[in-house]
Amino acid sequence: MIEKLTSDELKALLAELPGWKTDASGTSIQGSFKFADFNEAFGFMTRVAIKAQEMDHHPEWSNVYSKVEITLSTHEAKGLTSRDATLARFISSIAENSGSA
Ligand code: H2B
């Protein structure tokens, strides 16, 4: 069973990843990404989907035209783990390269 992040690790992760926040219970993190249009948003989602499939760790997300909202958590741990940190770091790194706000 994968271990949950400690509260210090979660604090450090949120400090490292501007724009991500945690829910009140600290069991998931949310990020919101805005692109120029649907084409940019869906390209971003495609890159995230490929990474998620490689990792076998998948986002809960929604898309409305140019906006993508993402929630990450690890069901197995009923909370946040290093898998969420890895995927969130990847998402932020490619969002920067896709013109997100
Ligand atoms: N994605 C996420 N976000 N959390 C999980 O715990 C998870 C997953 N578990 N993708 C994986 C798939 C698991 O259900 C399969 C069986 O490996």
Kindly provide the set of residues from the stretch 6-64 that are open to solvent by 60 Å² or more (accessible area, probe 1.4 Å), touching a strand residue (DSSP E or B) at 6+ places or on another chain (Cβ under 6 Å) and more than 14 Å from SER92 (Cα to Cα), ordered by number.
-> GLU60, TRP61
Pick from the stretch 56-83, criterion within 8 Å of the ligand (Cβ to nearest atom) and touching a Lys or Arg at 6+ places or on another chain (Cβ under 7 Å), ranking: nearest to THR22 (Cα to Cα) | THR74
Mind checking which residues of the stretch 90-101 are under 12 Å from the mean Cα position of the chain (by Cα) and either away from the ligand (no atom under 15 Å from the Cβ) or within 12 Å of ILE29 (Cα to Cα) (or both)?
-> SER92, SER93, ILE94, ALA95
The lone exception for THR86 - which of (1) within 15 Å of the chain's Cα centre (by Cα); (2) open to solvent by 10 Å² or more (accessible area, probe 1.4 Å); (3) away from the ligand (no atom under 12 Å from the Cβ) it fails = (3)
With (1) in a loop (DSSP other than H, G, I, E, B); (2) within 15 Å of the ligand (Cβ to nearest atom); (3) of a type in the set (Gly, Ala, Ser) as the list, and ALA24 as the residue in question, which single condition is left unmet?
-> (2)
Among the numbered criteria (1) without any contact (Cβ under 8 Å) to a residue 40 or more places away in the chain; (2) assigned to a loop (DSSP other than H, G, I, E, B); (3) β-branched (Val, Ile, Thr), which single criterion is violated by THR86?
-> (2)
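The values are calculated or read from the model by the stated rules, or taken from the named source; none is laboratory data. All values reported here derive from a predicted model rather than from experimental measurement. Glycine gets a Cβ as well: all are built from the backbone with ideal geometry, and neighbour counts include every protein chain shown. With ligands, DNA and RNA removed, areas are computed over all heavy atoms of the protein, side chains included. Shrake-Rupley method; radii C 1.70, N 1.55, O 1.52, S 1.80 Å.
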